[in-house]
Amino acid sequence: MSSRKHAPYTAFKNAIAGKGLTLKDVAEVINVTESTLSLKISGGSDFYLSEIKAVCEAFGFDSSIFFAEYVA
């Protein structure tokens, strides 16, 4: 059985840093630990749509930072 992994959420990570937020700030909004958030950001786990919505509403992010654009 292989583990599921996808591309990291680089734009989201940059947006967090750009607003001067910490992982703890964001983790509290979606009610997860900092390590769980770090796993999600690095691509080891997925964000739930409810988490994306909560983060965007709390910090004024555009949801597009969660969706990578792939060019073939």
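Enter the accessible area per residue of the chain (Å², integer; probe 1.4 Å; all protein chains in place). All intermediate terms of the calculation are to be shown ahead of the outcome.
Numbers: 5020 Å² over 72 residues.
Per residue, the chain has an accessible area of 70 Å².
With +1 on each Lys and Arg Cβ and -1 on each Asp and Glu Cβ, and nothing else charged, work out how big the dipole of the chain is about its Cα centre, in Debye to the nearest 20. Show your work: numbers first, answer last.
Working: 7 positive and 8 negative charges, 43 e Å.
Computed charge dipole of the chain: roughly 200 debye.
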For GLU28, what charge total do you get from the other residues with a beta carbon under 15 Å from its beta carbon, if Lys and Arg give +1 and Asp and Glu give -1?
-1
So which aspartates and glutamates can LYS24 reach, going by Cα to Cα under 13 Å and dropping same-chain residues fewer than 8 places off?
GLU34
Cβ-defined net charge surrounding ALA58, 15 Å radius [Lys, Arg +1; Asp, Glu -1]:
-2
Carbon and sulfur atoms account, in whole percent of the 1.4 Å probe accessible area of region 18-65, for 52 percent
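Which net charge results for the neighbourhood of LYS40, defined as the other residues with beta-carbon distances under 11 angstrom from its beta-carbon, given Lys and Arg at +1 and Asp and Glu at -1?
Working: positive: LYS13; negative: GLU34, ASP46, GLU51.
Neighbour charge sum, excluding LYS40 itself: -2.
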Treating cross-link reach as a plain straight distance, find the aspartates and glutamates whose alpha-carbon is under 17 Å from the alpha-carbon of LYS40, omitting any fewer than eight places away in the same chain.
ASP25, GLU28, GLU51
For LEU21 and ASP46 in one chain, what is 0.36 nm times their gap in residues minus the Cα-Cα distance, to one decimal in nm?
6.9 nm
Test of understanding: what is the full-extension gain from GLU57 to SER35, defined as 0.36 nm times their sequence separation minus their Cα-Cα distance?
5.7 nm
Among [x] 11.4, 33; [y] 12.0, 39; [z] 11.5, 31, which is the computed Rg and Dmax of the Cα atoms in Å?
[y]
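The values are calculated or read from the model by the stated rules, or taken from the named source; none is laboratory data. Note that the structure is predicted; figures quoted are calculated from it, not measured. Backbone-built Cβ (ideal geometry, glycine too); neighbour counts: all protein chains shown. Surface areas here come from the heavy atoms of the whole protein model, side chains and all, with no ligands, DNA or RNA. Shrake-Rupley method; radii C 1.70, N 1.55, O 1.52, S 1.80 Å.
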